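What follows draws every value from the coordinates through simple rules; no lab data is involved. Because the structure is a prediction, the values reported are computed rather than measured. Cβ atoms come from the backbone with ideal geometry, glycine included; neighbour counts cover every protein chain shown.
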Amino acid sequence: MARPNDEVEALLREYADLIAITGGDAFRARAYEKAARSIGGYPADVSHLDAEGLREIPNVGRSIADKVLEYLRTGRIALVEERRARIPAGVRELIRIPTLGPKKALRLYEDLHVSSVDELASAIEADALADLRGFGEKTQDNIRHGIELLRRAGSRIPLSAALETAEEIVGELSRVTGCRRCAYAGSLRRMRETVGDLDVLVAAERSAPFMAALCDLPATAEVVARGTKKTSVRTAGGLQVDLRVLPPASWGAGLQYFTGSKAHNIRTRTIAVHQGLKLSEYGLFDAGSGRSLASRTEEEVYARLGLPWIPPTLREDRGEIEAALRGELPEVVTERDIRGDLHTHTDLTDGLAPLEQMVEAAAARGYAYYAVTDHAPDLYMQRMTDEKILAQRERLRELDGVHHGMRLLHGTELNIGPEGDVDWPEDFLAGFDLCVASLHSHFDQDRAALTRRLVRACENPYVHVIGHPTTRLIGRRPGVDADWDAVFAACARTGTALEVNAQPDRLDLCDEDILRARDHGVRFAVNTDAHSVRQLAHLRYGVGTAQRGWLTREDVINAWPLSRLRRFLRGG
DNA sequence: GCCGTTTTCGGCCCGACTGTTTTCAGTCG
């Protein structure tokens, strides 16, 4: 099951939403939100803490500590259940629609008895909102568009959630007696940004114990189908998990087949056919005699087809077969190649952990260098000042090299203003080792204005990296509309790196944009944008996305040794 | 509900944008 911290976070967030929807004290709602975020990002497992330990978590006081203890003891929080009884779950779903907040949700529920996204969609179709105060033409358009966005994301779940569930399931099944191999395949293994269902494979002589184990998992809510070769279940979170048990001799062929993509597999099967072979999930066979030629490992299967092993993240039929045939497959960047994180926050702005904890955690990851990039003053809500950032710099210099010799870079995340200007004058910017610059507002400027804005940011000699360049939020907000080829060209010309932001709901740039930018000769930085210690581990999602964009160590500035990185930052 | 170099009460992230309610509520970052 999910980590206790995550369960508590979800519950407190729900409570905060319910307070907001029922018109409770806004500050109280925010207090629960803040506590939820702090607990979710807290490094220690809350189920191992007592009341005193819980209260050491920022934004957790006596009342919330008691509620957490109640949850850990009984599995529920009475006050949350009380609020739940007053507001149908579907009403809370409504506030996931962009531009629709708690106030509008409550009005829809009270006046029209709308208690789900589907009911709202029908109500709009039936023109039932016409007489409702505050729901004019434009508002309805915005809601309709918001519902569209939600639905397009559909039932697919974020890569990060899928990966956590898959790793738990693989962990459990690996412990079952008779398990020779166990792995997840499918779009998850290819690290697609969202995942529709999980494909889990087991190699074993007997399948029954694994089918039983899957059905008995605590995460399993419903058994969809149960057979000897394949069993499907649905988790409490609504994720379908397909388990296939293969004979050990078919492991490689099965893994290849179920990893896909479909387009990639069509290409490999075509290659097989042209060689008088047949490729299936059971192996690579001679089409005439039916004799098995390769099946134990993926490497064998690819080799018998005349191909090198192709990393799963490349298997999209986006030229990887041709590159493999030419012997020109890229050696894609791996998590081990990343020598440092270049975009991270502390509690000086909206991060959760103090500088010392972030630095210590970064060192524990084995980084050679690490940049701290808190928000700059133009993002007013962060209340940054010259004094605060300079005091941080002083403290950071003291910590430089203290942990395993890890070097620290003092940076900032600048705000790209509507005209492409950034916070602070040039002489102040010159004091930073590294500046990331990102869009945080004015997303709906027209294409020409947005392009100019981004190009101007690139042309600023103190801007080294463009953070989360499109600002998309997966399933919630599309990226901004710019002439990206012009922006990528500007990055290449000015030596400005583009970020591959590893936050699971961003993954920005996305794989396709990376491929385009790469053609322009742009460099990249794979960064977590971590706002807590735990988020430093989000790096893997960024690396997966970078791989899908065919990036190598050479393309990624934070895979370089520090001396080379510093030359890049100096513009050399 | 949390918190404290304006400290046990009285603040709390501030400002902008949008749509619609002609003076501001709601939402967002």
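Descriptive notes on the structure:
- Between residue A:93 and residue A:149, the contour length at 0.36 nm per residue exceeds the alpha carbon distance by 18.8 nm.
- Backbone phi angles across segment A:365-374, fed through the Karplus curve with coefficients 6.51, -1.76 and 1.60 (θ = phi - 60°), yield HN-Hα couplings of 7, x, 5, 8, 8, 7, 10, 9, 9, 6 Hz in residue order; Gly and Pro are listed as x.
- Summing charges over neighbours of residue A:140, with a neighbour being any other residue whose Cβ is under 14 Å away from its Cβ, gives -1 when K and R count +1 and D and E count -1.
- A simple spin-label model places pseudo-atoms 7 Å from Cα toward Cβ; at residue A:494 and residue A:275 they are separated by 4.9 nm.
- Relative contact order computed over chain A (Cα-Cα under 8 Å; 6+ residues apart), in percent: 10
- Close lysine pairs were tallied over chain A: pairs 8 or more places apart or on different chains with Cα atoms under 24 Å apart number 11.
- Euclidean distance of C-alpha centroids, segment A:466-482 and segment A:521-553, integer Å: 16
- Taking a point 7 Å out from the Cα of residue A:130 in the direction of its Cβ, none of the residues of segment A:94-114 has a backbone N less than 12 Å from it.
- Other residues lying with their Cβ under 15 Å from the Cβ of residue A:73 contribute a combined charge of -3, Lys and Arg counting +1, Asp and Glu -1.
- Put simply, when A:244-254, A:383-393 are sorted by average Cβ atoms within 10 angstrom per residue, most first, you get A:244-254, A:383-393.
- Long-range amide H partners of residue A:181 with built H, under 5 Å: A:203
- Taking amide H positions as modeled 1.01 Å from N, with prolines and chain starts lacking one, the residues under 5 Å from residue A:468 and 5 or more places away or on another chain are A:499, A:501.
- The local environment of residue A:460, defined by Cβ-Cβ distances under 9 Å, has a net charge of -2 under the rule Lys, Arg +1 and Asp, Glu -1.
- Karplus-derived HN-Hα couplings along segment A:346-353 (A = 6.51, B = -1.76, C = 1.60, θ = phi - 60°), whole Hz, x at Gly and Pro: 10, 6, 5, 10, 9, x, 9, 9
- Charge dipole of chain A (Cα centre as origin; +1 on each Lys and Arg Cβ, -1 on each Asp and Glu Cβ, all else neutral): 1460 debye, rounded to the nearest 20.
- Long-range amide H partners of residue A:416 with built H, under 5 Å: A:438, A:439, A:440
- Along the axis of the charge dipole computed for chain A (Cβ charges of +1 for Lys and Arg, -1 for Asp and Glu, origin at the Cα centre), the listed residues A:366, A:411, A:97 are led at the positive end by A:366.
- Separation in nanometres of the label points that stand 7 Å from Cα toward Cβ, at residue A:459 and residue A:142: 3.4
- In this simple spin-label model, placing a label point 7 Å from the Cα along the Cα-to-Cβ direction at both residue A:107 and residue A:223 gives a separation of 5.0 nm.
- Zone residues, segment A:296-331, relative to residue A:552, backbone N less than 17 Å from point 7 Å out along Cα-to-Cβ: A:308-311, A:314, A:319-331
- Sites matching trypsin sites (Lys or Arg not before Pro) across segment A:106-144 that sit in DSSP coil, with at most 12 neighbouring C-beta atoms within 10 Å: A:133
- Both radii are taken from the alpha-carbon atoms of chain A; with Rh as the Kirkwood radius, Rg/Rh is 0.98.
- Scalar couplings 3J(HN,Hα) for segment A:449-456, obtained by applying the Karplus form with A = 6.51, B = -1.76, C = 1.60 to θ = phi - 60°, are 5, 5, 5, 4, 4, 5, 5, 5 Hz; x denotes Gly and Pro.
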